[in-house]
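The next block holds one structure in the form of structure tokens; read it before the comments.
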Ligand SMILES: [Zn+2]
Ligand SMILES: [Zn+2]
């Protein structure tokens with residue numbers, strides 16, 4: 001069983017959820033409940049988890065993709081709810097404010113955290129970023145926070161590392177400042193990587209939403225706060 005529930009996003013989707021700038025989603029994979037990024041404000045995270053009927057104390061693993069405020073804000077709240085939560089975050093530039101759980105693993109290279117669950121690290125000169133990769137029956141599911149290091153780069157690393165095609169690319173694609181020319185190039189790069197479906201959100205940007213929708217057609221999934229995807 002693999003289910004992804006978007007619980008923190010500035011893109012509205014479900015009226016029971018409060019949209020707010022930032023990103024966070026819950027990945028339920030068999031018996032493991034993961035939160036990937038925690039949004040900006042703990043009270044909004046709490047209210048959206050309630051709207052999704054998710055008890056925060058049942059979250060076993062927290063993955064922080066990168067150090068930005070709009071992804072780390074709810075981490076302290078989650079550690080209060082479950083003091084044994086296992087946390088993964090990128091090693092360098094990691095904000096001390098997030099490091100409040102006993103079991104924080106700072107990651108500097110790709111790792112397997114559990115059977116079929118992997119973390120891929122990508123870097124640029126400003127930032128290190130983690131993406132979660134789930135090996136599903138349908139192919140790889142890649143969850144990314146902001147993709148400052150490039151969504152194509154992250155997708156490429158994931159499929160090379162696991163030698164499998166990507167079924168779903170999910171999260172913030174960070175294309176709001178990217179030119180139309182470069183977004184079109186990205187579309188063809190993702191197609192040549194054989195990415196089947198995409199569910200972009202958060203910092204992807206209006207222009208990119210439009211062009212990606214044109215490129216992927218029925219394989220473009222409208223993502224946003226409260227969206228549930230079952231794979
Ligand atoms: Zn960011
Ligand atoms: Zn962000």
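Values in this text are rule-based calculations from the coordinates and carry no lab data. A quick note: this is a predicted structure, and the numbers were derived from the prediction, not measured. Here the Cβ positions follow ideal geometry from the backbone for every residue, glycine too, while neighbour counts run over all protein chains shown.
For the reader, a short list of remarks on this structure follows.
- At full extension, residue 43 and residue 60 could sit 4.1 nm farther apart than now, given 0.36 nm per residue minus the alpha carbon distance.
- Spin-label model, residue 114/residue 193: points 7 Å from Cα along the beta carbon direction are separated by 2.5 nm.
- Over the chain: Rg over Rh, Cα atoms, Kirkwood Rh: 0.93
- In range of the label at residue 230: residues from the range 16-40 whose backbone nitrogen is under 16 Å from the point 7 Å along Cα→Cβ: 27-31
- Computed extension length for residue 106-residue 125: 5.0 nm, one decimal, from 0.36 nm per residue of separation with the Cα-Cα distance subtracted.
- Helix 206-216 vs. the chain, principal-axis angle (Cα, 0 to 90°, nearest 10): 60
- Label zone (residue 185, point 7 Å along Cα-to-C-beta; backbone nitrogen cut-off 20 Å) within the range 196-231: 204-216.
- Each Cα pair under 8 Å and six or more residues apart adds its sequence gap; the mean of these over the residue count of the range 137-231 is a relative contact order of 28 percent.
- Secondary-structure-derived ellipticity at 222 nm for the chain, considering helices only, amounts to -7000 deg cm²/dmol, per-run term -39500 (n - 2.57) for DSSP H runs with n ≥ 4.
- GNM flexibility winner over the chain from 37, 28, 218 (Cα, springs under 10 Å): 218
- Cα convex hull, the range 1-67: 85 Å³ per residue, rounded to a whole number.
- Crossing angle, helix 42-51 versus the chain [Cα axis fit, 0-90 degrees, rounded to tens]: 80
- Within the range 17-128, the proportion of Cα pairs with more than 19 Å between them is 41 percent.
- Our estimate of slack between residue 177 and residue 91, defined as 0.36 nm per intervening residue step minus the Cα-Cα distance, is 28.3 nm.
- Between the beta carbons of residue 69 and residue 30, assuming R0 = 45 Å, the FRET efficiency works out to 0.90 to the nearest 0.05.
- The C-alpha atoms of the chain define a longest principal axis, and helix 180-192 lies at about 90 degrees to it.
- Ratio Rg/Rh [Cα only; Rh per Kirkwood] for the range 122-215: 0.93
- With each label modelled as a point 7 angstrom along the Cα→C-beta vector, the residue 3-residue 21 pair spans 3.2 nm.
- Take every pair of alpha-carbon atoms less than 8 Å apart whose residues are at least six positions apart; their mean separation over the length of the chain yields a relative contact order of 20 percent.
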